[in-house]
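The values are calculated or read from the model by the stated rules, or taken from the named source; none is laboratory data. These numbers were taken from a predicted model, which means no experiment stands behind them. Cβ sites come from the backbone with ideal geometry, for glycine too, and all protein chains shown count toward neighbours.
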Amino acid sequence: MTAQAGSWPRVSVVGGYRYARFNAATTGAAIGDTNPKALHAVTVGDPGSEVVITLYDGTDDSGDVITVLKPSAAGTFLLDVRADKGLFIVITATTAPEITVAYL
């Protein structure tokens, strides 16, 4: 595929996302390796109770905060953002949630 001057090539990706599944609170977990990632979405299957999901651009919680989610119902949060330094997640909860993070 060749891009014209001043434009980006259009790329369509169907499937191909990797995922990380969490069903308990965690003080922190790296998602995949430390290479740059494209964070596609966070799907909450069971919101648990008093859940706070914090996603960082980095290898630990000292990285830049990408987003803080406080889900009260099942659903998908579409993000489609780049994480240049890796992807790290912290989940706090009173009752454990069911969460899947889709990324490239």
### Query
Taking the stretch 89-104 as the search range and keeping residues that are in contact with an Asp or Glu (Cβ under 7 Å, 6 or more places away or on another chain) and assigned to a strand (DSSP E or B), which one is farthest from Tyr19 (Cα to Cα)?
Val90
### Summary
Of (1) modelled with pLDDT of 95 or more; (2) over 13 Å from Ala30 (Cβ atoms), Leu104 satisfies every one except (1)
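Can you pull out the residues in the stretch 47-75 that are surrounded by 14 or more Cβ atoms within 10 Å (Cβ to Cβ) and hydroxyl-bearing (Ser, Thr, Tyr)? Walk me through it before giving the result.
Of the stretch 47-75, the ones surrounded by 14 or more Cβ atoms within 10 Å (Cβ to Cβ) are 47-48, 51-59, 63, 66, 69, 71.
If the condition is that a residue be surrounded by 14 or more Cβ atoms within 10 Å (Cβ to Cβ) and hydroxyl-bearing (Ser, Thr, Tyr), then Thr54, Tyr56, Thr59 are the ones that fit.
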#### Entry: Residue that is surrounded by the fewest Cβ atoms within 10 Å (Cβ to Cβ) [pool: residues in the stretch 10-26 that are at pLDDT 90 or above and assigned to a strand (DSSP E or B)]
Arg21
